[in-house]
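Q: I'd like to ask some things about the structure below.
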Amino acid sequence: MIASISDITVVIPCYNDRNFIKSAVDSLLHQTLIPDEIIIVDDGYDQATLEILSQFNNPRVNVVYQENQGVSVARNNGIIQSQFQYICVLDADDYLETTFLEKAKQLLESNRDAIYVSSYYRKFNNKNKTIGVIRPTGGLVAGFLVKNNGASCGLFKKSDWHTVGGYDKLFKNGYEDWDFSISLLKSGKRMYIIPEILFNYRVKKRSRDQNALDFYDRQLRMQLLEKHKDLFQKHYYSVISQYVYSNSILRKELRKFEVKRYIGIRWLFKRLNRWFRK
């Protein structure tokens, strides 16, 4: 066992991410607070990915192989094998800025009500072009029942992961990180967000997160409702208030779209009318 420096294990589920896994690992090995252990869980590997993973030659990096069972099982399997107190989860196609772990651990240790720490993050494409900055708010559980106000990459204690039963494998189509956040925050503690861009999130042409939103959103939200029904009942007024606010915003956006469409159609008919007259 490596002598502890940070008391942190970083768990990286990897599913055929051979083109990106090295960047993820490099970002961890260049942290100002280097993790004691990096566990890569290869969730149903192909030969090309296997060759990349076999090239890691660092005592801190450990590769675990499993049959394809999804990201929740992969994370849980990695965390089970962790030897240290703190856990950071990171996807294989993302990477961290150098101070993420140091600042996250400091925040987690210095606030008694903290149970999970993340940060603002940059969304970028495969050309490394920034396409947006996301600023999650974190907070208490009531704010997570309508919207996920956290991030999939974060730092927490292994003991808290154990208390809530880990990541729920029933959320195989997505939102497992949202569900995990709700489960943690059910204790009454808070998610803290570092107001700096310390995490980089890769946007692919077609990703699991996009599939969850496009094809499974209603199903997954109903799963959240059924699993955490007691919380939805307890925070009924807050939930309704958030839905009223969201509905108001959506109606305004729809109205703007309808006005633009009406103006566009009028413009098109005018151009066609001029063309026919000519």
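Q: In degrees between 0 and 90, to the nearest 10, how far off the longest principal axis of the chain does helix 71-80 point, with axes built from Cα atoms?
A: On a 0 to 90 degree scale, this one is about 20.
Q: Need one number for the stretch 59-196: average projected area of the convex hull over its C-alpha atoms, nm².
A: Orientation-averaged projected area of the Cα hull: 9.2 nm².
Q: Nearest 500 deg cm²/dmol is fine: what mean residue ellipticity at 222 nm does the chain get from its DSSP H runs of n ≥ 4 alone, each adding -39,500 (n - 2.57), divided by its residue count?
A: Rounded to the nearest 500, it is -13500 deg cm²/dmol.
Q: Estimate the FRET efficiency between residue 130 and residue 162 by the formula 1/(1 + (r/R0)^6), using the beta-carbon distance for r and 45 Å for R0, to the nearest 0.05.
A: 0.75
Q: Near residue 199, within a Cβ-to-Cβ distance under 9 Å, what is the net charge of the other residues, with Lys and Arg +1 and Asp and Glu -1?
A: Around residue 199, the surrounding residues sum to -1.
Q: Something else: Quick one: net charge of residue 145's neighbours, Cβ under 14 Å, K/R +1, D/E -1?
A: +3
Q: Can you tell me the 0 to 90 degree angle between the C-alpha axis of helix 236-277 and the longest principal axis of the chain, rounded to 10?
A: 50
Q: Another question, if that's okay. Just want to confirm a number: the relative contact order over the chain, from Cα pairs under 8 angstrom separated by 6+ residues, in percent. Could the numbers behind the result be given before it?
A: On the way: 470 pairs, mean separation 51.6, N = 278.
In percent, rounded to a whole number, it is 19.
Q: Moving to a separate point now. Quick one: helix 217-227 against the long Cα principal axis of the chain, what's the angle to the nearest 10°, folded into 0 to 90?
A: 50
Q: Just add up the charged neighbours of residue 49: K/R +1, D/E -1, any other residue whose Cβ is under 9 Å from the Cβ of residue 49. Don't skip to the answer; put the middle values down first.
A: On the way: positive: 18; negative: 17, 42, 46, 51.
With Lys, Arg at +1 and Asp, Glu at -1, the net is -3.
Q: Still on this structure: Give me a comma-separated list of calculated 3J(HN,Hα) values for the stretch 154-166, in order, Karplus coefficients 6.51, -1.76, 1.60 applied at θ = phi - 60°, integers in Hz, x for any Gly or Pro.
A: Using θ = phi - 60°, the values come out as x, 10, 7, 8, 4, 5, 6, 4, 5, 4, 8, x, x Hz.
Q: Taking only protein heavy atoms and a 1.4 Å probe, what accessible area per residue, in Å², does the stretch 16-66 have with all protein chains in place? Intermediate values should be presented prior to the final figure.
A: Working: 2370 Å² over 51 residues.
Value returned for the stretch 16-66: 46 Å² of accessible area per residue.
Q: For residue 10, list long-range residues whose amide hydrogen, built 1.01 Å from N in the peptide plane, is under 5 Å from its own amide hydrogen.
A: Close amide H contacts, sequence-distant or interchain: 37, 38, 39, 88.
Q: HN-Hα J couplings of the stretch 102-115 from phi, Karplus 6.51/-1.76/1.60, θ = phi - 60°, integer Hz, Gly and Pro as x?
A: Listing the rounded values in order: 4, 6, 5, 5, 4, 5, 5, 7, 8, 10, 5, 8, 7, 10 Hz.
The values are calculated or read from the model by the stated rules, or taken from the named source; none is laboratory data. It should be emphasised that the depicted structure is a prediction, and the values quoted were computed from it without experimental measurement. Every residue, glycine among them, receives a Cβ derived from its backbone with ideal geometry; neighbour counts consider all protein chains shown. We work out accessible area using only protein heavy atoms, side chains counted, and drop any ligands, DNA or RNA first. Shrake-Rupley method; radii C 1.70, N 1.55, O 1.52, S 1.80 Å.
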